[in-house]
Structures are given as C-alpha cells and as structure tokens.
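**Q** Attaching a single structure in structure tokens format; questions to follow.
The values are calculated or read from the model by the stated rules, or taken from the named source; none is laboratory data. Just so it is clear, the structure is predicted and the values come from calculations on it, not from any experiment. A quick note on method: Cβ atoms are made from the backbone with ideal geometry, for glycine too, and the neighbour counts reach across all protein chains shown. Heads up: the accessible areas ignore ligands, DNA and RNA and are worked out on the full protein's heavy atoms, side chains in. Shrake-Rupley method; radii C 1.70, N 1.55, O 1.52, S 1.80 Å.
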Amino acid sequence: MQTPTSPEPTVQIEEYRTAISVEALKHAVLDNLFYLVGVSQETASDQEFFTAVAYTVRDRILARWFSTWERYKQHDVRVVCYLSAEFLMGPYLANNLLNLQLEAAVRQAVAELGRDLDRIVEEEREPGLGNGGLGRLAACYLDSMATEGVPAIGYGIRYEFGIFQQKIQDGWQVELTDYWLRYGNPWEIRRPHEAVNVGFGGHTEGWSDSTGKYKVRWVPAHPVRGIPYDTAILGYRSGIANDLRLWRSESTESFYFDRFNSGDYQGAVAGKVFAENISKVLYPNDEEIQGKELRLQQQYFFTSCAIQDMIRLHLRVGRPIESFHEKWAIQLNDTHPSIGVAELMRLLVDEHDLVWEKAWEITSHTFSYTNHTLLPEALERWPLPMFASLLPRHIEIIYEINARFLDLVRKHFDGDQERVSRMSIIDEQGEKHVRMANLACVGSHRVNGVAALHTELLKKDVLRDFYELWPEKFINITNGVTPRRWLAVSNPEQSALMTRSIGDTWIGDLDELKRLEAFVEDAAFRADWRKVQHDVKARLARYILEETGVSVDPSSMFDAQVKRIHEYKRQHLNVLHILTLYFRLKQNPSLEMTPRTFLFGGKAAPGYFMAKLIIKLINSVGEIINNDQDVKHRLKVVFLPNYNVTFGQKVYPAADLSEQISTAGKEASGTGNMKFAMNGALTIGTLDGANIEIRDAVGHENFFLFGLTADQVSSQLSEGYHPRAIYESNPFLREIIDALASGRFSHGDGSLFRPLLEQLLHHDPYLLFADYQSYIDCQDQVSKTYRDQEKWSRMAILNAARMGQFSSDRSIRDYAQNIWRIKGLD
C-alpha cells in the first residue's frame, strides 16, 4: 500500500475552511483527502475524491448554518417543524454547489487536480429515504423554506436501509437492499449529546398528589434511545441554512452481561435488536400496513424524538412551556406523524404538569395537517389492541380527546349518531381501530389539501364531516417543486438557454420565466430550444443504451410516464395505447405514424401483486415490439429500472410528452406533472389533481385533455359500471385484450396476465375501458401536433414559461402566511 503524502499548506488554515478561491478549494480538497479520507491524491478513487469534495463544500455551509440559527435566536422567531416519515432528498453535492454559487470554482479546482466534476458528482449515493411524491415534496419544501428564509427543522428517520433497489429480471421487478450508507454520509453530523429516550409497551400507574390532582405515570417496558443526525439545508442565494434532523434508534443498554453470563446469548442483545430495528428500513408506500407493529413504532419513535427536541430547545432559551405554541408550528406531512397530537398532550400533562385544558389549547394551536390522499384505504387505521399494547398511555389520552370531541359533535349535530360514529377517533365497527386521520383533524388548527380539486373532494367526501363542523380549518395549498433541483441542476442545457435569454433571476423566482413568452414567436429561439431538447434526449438515449441495451432514436417523441406503479395511475392504460399503435402498424405497415419512444419508470411495493404484474406487462410488450422489424424505427418501449431522484434528473428534462393519466378524482396533486412541464414537456392528462391548475396556467390549448371528470367517474360507478360491455362494443380494444389473453405477449402463456385482464373486464375500478377511446383519440391529436415541430416548440416554451405558480417557493409562502403565521427572514 502506498503511504499517503500530506499536502503542503499553501493558504492560511482559517481560509481553506471558508475561502472560495480556486486555490483555497484545491488545498481544502487535498487536506480532506489526507486527513479525513486517509488517502493521497494519487491513490484516491473517484468515490474517495467525492467524499473530500463533499467535506470541502460542507465546510463552506457550516458558517452559514450557525449564523442562521443565531439570527433566528436574535429575532425570537417562530420555527416550523416539518414532520415527515420520508425525506427523499436526492444527492446533495450539485444542489449545494448551485445554492452556494460555487460550481464554476469547484469545477476548475477539481479539474486542476486532474478530475472531472461531472464524474465526481455521479459518485454520490443518494439517501433513498422516501417512496416518491410524499418524501420528494418534503425535500422540495425544505429547499424552499431555506430559500425563502422561513425558520425550519425537518424531522424524520435516518433509515439504515432506504427504499429498495429495483432490478428487472425476466420482466419482473426484483427488490435488492438499498444500503445507501455503504460509503458513509459526509453531509451529516451525529449529535449523541442531544439524544432523547422513547418508550414502548409497559403499563400506566395513576395516583392523586397531595393537592388531590389525578396524575398518571407511564412505565415503558422497552426504552429506546433516539440519536439525531443533522444535515444543513442551504437556501439559494439566501445565506440561510436550516436543519434536517433525522433520528437513529439505538438501545439504551446495548449488552446485558447478566443474561450473557447465564447463557442467554440472544437475550443479551435483545434490547439492541429491538431498538435498532425501528430505524432499520423504510416501508414501501403501498404495502398493507394494518397490523404492522414496526410501522407504528417508527412513526411514534421519530415523532416523540422531534417533540421532545422542540420542548428542550424551547426551554433552553428560558421560555415558559405555556408559550410553546407561539414559537413552534408543527406540520404533519400526512397521517404518519399524527400520533404527535397525543404525544404532545402526554408531555404537557404528564411531564410538565399542565392542566388538560391548557395543554389542549397549546396542542391544537401548534399542529396543522396536510392530507395527501383521496383513497379511503390509504387513511391509516391501527388495530386498537396492538396500539394499546404498544402505547398504553397514548390510548388513554386518545380516549379522553375523543370523549371531549364527541361531546362537541353531539352539540353541533344533535341526534346524528351516525355522524358521531363516523367522526370518532376510535372506529367501533367490528374490530376496533384508531383512526389517525381523525386524530389529525381534531388536533390541528388547519387542514389542507394539495390541489384545488383534491381540497374540494376532501370537503365533499373524505373529510366531509370535519369540514361541516369546522369549515374555517380547511384550506388549499397546491403543491410545488423546486426549480433549483428540477430545472437548474437537472437540465443545465435548457437552463443555460433560459439564462442567456432572460438572466438567471428565474432560479430564485420562477415567475420570471414568463419573460420567455416574448421569445415564442422568435424562430431562432425556437430553433435553439429544439436543439437543446435534442441534445438532452441524446444524453438520455446513451443512458438508456447503457442501462437496458435498448437503442432509441432521439428524434422520436419521448413519451414518459415516470411515477410509482399503482393501478390508479393507470400505466396499463398507457400500454393499451401502445398496443393500439402496434396493431395499427401490423395491419398497415405503410401507415404514416409519429415515431415514439415510450419511457416508463417507477417502483411497485413488494407486496402489491397487481402493480408488479403491470411492470411485467410493460416489459413483455416492450420485448415483442422492440424486436419486431416491422415497427423498430417507429415504436420503442423502455422500462428504466430503479426510479429515484438521480434517475428523475435524467428523465424529466428529456421528455416531450408527460403522461398524467390517473383516474379523475384519485390523484391528490401529482408533482411529476410539474417537473415535466417545468422542463417544457407537454401534458396529456385527465382533469385530476394539479393537472387542472396546470392546464389553466399554461392555457387549455397547450394541454392534451381526455377522459371523464371526477363527477362523471363517481356517477359511472354509482349508476353501475359495466366494463365488459365496452370491451364487446369496441373492436380495437377487444382485439388487444384478446391478444393479451391468448399469450401473444407472454410466450404463449395465456394465464400470465389473466388476473389483470379479469380485473379490467369484470371490475375495472379505475375506469380504463371507460376512458380508453377518449385517450386514443387524444393521443392521435398529440401525434398530429408533434409533426408540426414549430407549433410543438411554441407550446413547449409556453408550458415552461407559465409554470411559476408551481414552484415550491410559492407553496411555502402560502403555508407561511396562511397556516404557520410566519414571515421569512430577508
């Protein structure tokens, strides 16, 4: 082994920790290589070099981080605590370089040290701590809170293993372990001195004190230690660095010598195993969670850690506990952290000796709840016996909250016992359950949906009872995505064209993109736009060839559907269109047709059979089409494995057409639709989620609309929907379904896709057949429009130019003003 050589100092030590000159950056990288990574410049791998560069960049964030919290302290600010079971942050290096405005200097420094920054950036292993939309939204919001100067801490779990790595074998999804920490994480700082204890199980003890006041003590059976790991989240040109604090579970006593000495070797480490399992792995989103005790353990663990941490920080600066709600705003990102309502009550009543009424006033003015689903089955419910066994004190508190709440309901809706039953936090029907969405609604001062349609459907259906009781609680805040990650970092070619044309202020203020409208009729600008788009597509084509072995033509239309695989998102409707085009070409090989490359990406939850079968369907159809010489220059089907943020940064910029084809009324918002449109892709979609607002913003003439509305979907289902009748009456659809049933796309195995086909023919709960012909007709219009490249370019430019309202910066301003009552620091 070659002995590392210590770098020669060329700048003052205080400079190379903060200085941003090329010379200082070079020395800092070499210093970190030697002293932190333990290798020399000559022997360092690209991965080791990445680590040294990351530490160099982190050094330049730390001063901003500390000064930010000093400013917050001086201004005595109210702090937003964003509680989320998922944070899909993506790789940090490129984003931090952008926000620091350091990319050019670091690129030069790295080049002078004999390395290529793009290769170094590719070495970063992203933390896969989220399934998709929910976790990625949390990441976008942290970016925007720092950019807008909103004081904030993101709280979650530092899962040792993230969302699984997806491989495709014989067309099927195979899940592999995602050990994202294999090479460490240079961005985080472990804070063991700020650990907190969290309890599980055990029993409660009640007694009356000397004044006659009844008090309760919880005696947990399984204490667990929560260790925080902090990562600075830097804003764009704001000088603000907020905190992402993720918790790792550890045993309070890692090894029991008495059990070991008595021969109980497993018992000697039992506490360690129990504790460490809590933060071991992220659950895929669509797994059936009812009855999964570990999921509840995870939710309570990070929520309790977070609230204890807030109270400690609150008391540390000398504030009274009674003012807690004045200085902390807790946002529940879906129902996962809603146990926090009971936990804050426990801490205030049991630990800080407040009377119930005062504790409830604090709690109900602290929490706000974001709902992310219109699917009733996705609203969390926990079996009461399991919940009570795991959290015995919390179930007592929830019963008390519920009793007082139901008294209020009875006063407002006299005699309406059915409503009382529906609104109860405890579901008394059959096996009793705890309804976490009900708890969140009762304990929060604001409840928001994430798109205009979604919020209206919450009011009319999913949370109707709560809306009728508390209409003032309900508000809409349409989701947004950060233009830093999803345009400036992921699409440098288009970003450069935009900046050359209108300057770079759009990176921090996406409304500035409206100035691009002045270039729509500029033929030279449209030509530049098309060239940039072709170059980006060529880059993706090279990646596709490397990853899948499939060669695709960058001049074909790139038609993309990249999102979690789920029946309501209707990837299989997309497949029906592909097969329609395929059969047309087989019947008439000389048919004029716009060449298309269909791009799919997304993961199916390991236990979601139908979603995994859809992945197999896509790959089976692709196998036949991609090897058919009659259509090879006109149709290609590609399933790109292992969808994550890194993957998204390659695909979103390259798409010509974005498929947002969920059944109307099922998608809460969607954020992939925003990322695609922000990069200039045109959308084909239903009137679902944020599609409605995107269509209004970009212009109805620049959006390809098809399908039933949410009201029509509801009517169809309530009046009696008969998908087989549609199959019988539509010859083309019947031919496709019969071909799939015959085994034509499954090597003669007619049974392979039978579960999917039987579902469509006899139930079709997401109305694929009802929307099929409208979808095909709309796709024909897409093809016709694409052949007129000048028209397509105009529409694409307008899509990008009119996306300002879908920046997460706007979303955060809305939250800050309408929910958190916080004004960002300049």
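**Q** With contacts defined as alpha carbon pairs under 8 Å and 6 or more residues apart, what's the relative contact order of the chain in percent?
**A** Over the chain, the number comes to 13 percent.
**Q** Skip the ligands, DNA and RNA, and give the accessible area per residue of the range 315-457 with a 1.4 Å probe, whole Å².
**A** So the range 315-457 comes to 35 Å² accessible per residue, rounded to a whole number.
**Q** Next question. Within the range 695-780, what whole-number % of the accessible surface is contributed by carbon and sulfur, with the 1.4 Å probe and all protein chains included in the calculation?
**A** That fraction is 48 percent.
**Q** For the range 382-539, count the residues as N, evaluate 2.2 N^0.38 Å, and divide the Cα radius of gyration by that value, please.
**A** 1.69
**Q** Would you be so kind as to identify which of Ile737, Ser208, Ser444 lies farthest towards the positive end of the dipole of the chain, taking Lys and Arg as +1 and Asp and Glu as -1 on Cβ and the Cα centre as origin?
**A** Checking the options against the dipole of the chain, the answer is Ser444.
**Q** Report the trypsin sites (Lys or Arg not before Pro) located in the range 98-184 that are in a DSSP loop and have at most 10 other Cβ atoms inside 10 Å of their Cβ, or state none.
**A** Arg182
**Q** For the pairs Lys612/Lys666; Lys537/Lys784; Lys612/Lys791; Lys531/Lys675, note any where the Cα-Cα span goes beyond 27 Å.
**A** Beyond 27 Å between Cα atoms: Lys612/Lys791.
**Q** Let me ask something else about it. Read phi for every residue in the range 719-724 and hand back ³J(HN,Hα) as whole Hz from Karplus 6.51 cos²θ - 1.76 cosθ + 1.60, θ = phi - 60°, with x for Gly and Pro.
**A** 7, x, 9, 10, x, 5
**Q** Once each part is reduced to its C-alpha centroid, what is the distance from the range 484-523 to the range 589-641 in angstrom?
**A** Taking the Cα centre of each part, the range 484-523 and the range 589-641 sit 33 Å apart.
**Q** For the charge dipole of the range 733-826, defined by +1 on Lys and Arg C-beta atoms and -1 on Asp and Glu C-beta atoms about the Cα centroid, which residue among Gly750, Met795, Ser783 has the Cα displaced farthest towards the positive pole?
**A** With unit charges placed on the Cβ atoms, the residue in question is Met795.
**Q** Among Ser808, Asn371, Val462, whose Cα sits farthest toward the positive end of the charge dipole of the chain (+1 at Cβ of Lys/Arg, -1 at Cβ of Asp/Glu, about the Cα centre)?
**A** Ser808
**Q** Something else: I'd like the carbon and sulfur percentage of the solvent accessible area for the range 32-83, probe radius 1.4 Å, heavy atoms only, ligands and nucleic acids excluded.
**A** Carbon with sulfur: 52 percent of the solvent-accessible area.
**Q** Can you give the alpha-carbon Rg of the range 444-504 over 2.2 N^0.38 Å, where N counts its residues?
**A** Taking the Cα Rg and dividing by 2.2 N^0.38 Å, one obtains 1.78.
**Q** Which lysines, if any, have their Cα less than 23 Å from the Cα of Lys411, not counting same-chain residues under 8 positions apart?
**A** Once the sequence-local lysines are set aside, what remains near Lys411 is Lys358, Lys459, Lys460, Lys473.
**Q** If packing is taken as the average count of other Cβ atoms within 10 Å, what order do 567-574, 682-689 fall into, highest mean first?
**A** With the highest mean Cβ count within 10 Å placed first, the list reads 682-689, 567-574.
**Q** Computed over the Cα atoms of the range 650-769, what is the ratio Rg over Rh, Rh following Kirkwood?
**A** Here the Rg-to-Rh quotient is 1.05.
**Q** Just in the range 481-556: which GluC sites (Glu not before Pro) are loop by DSSP and have at most 12 other Cβ atoms within 10 Å?
**A** Glu521
**Q** Under a crude label model (7 Å from the Cα following the beta-carbon direction), how far is Arg217 from Asp59 in nanometres?
**A** Result: 5.2 nm between the two label points.
**Q** Would you mind computing Rg(Cα) / (2.2 N^0.38 Å) for the range 495-565, counting N as its residues?
**A** Against the compact-globule rule of thumb, the ratio is 1.39.
**Q** Could you check how many percent of all C-alpha pairs in the range 278-371 are farther apart than 21 Å?
**A** Tail of P(r) above 21 Å: 35 percent of Cα pairs.
**Q** Post the alpha-carbon centroid distance, the range 424-453 to the range 151-201, in whole angstrom.
**A** Spelled out, the Cα-based centre of one part sits 28 Å from the other.
**Q** Of all trypsin sites (Lys or Arg not before Pro) in the range 626-700, which ones are in loop regions per DSSP and have a Cβ with at most 16 other Cβ atoms within 10 Å?
**A** Passing sites in the range 626-700 are Lys632.
**Q** How many angstrom lie between the Cα centre of the range 731-800 and the Cα centre of the range 49-106?
**A** Answer, in whole Å: 44.
**Q** Placing unit charges on C-beta atoms (Lys and Arg positive, Asp and Glu negative, everything else neutral), compute the dipole magnitude of the range 680-826 about its Cα centre in debye, rounded to 20.
**A** 480 debye
**Q** Compute the projected area of the convex hull of the Cα atoms of the range 569-627, averaged over all viewing directions, and report it in nm² to one decimal place.
**A** 4.5 nm²
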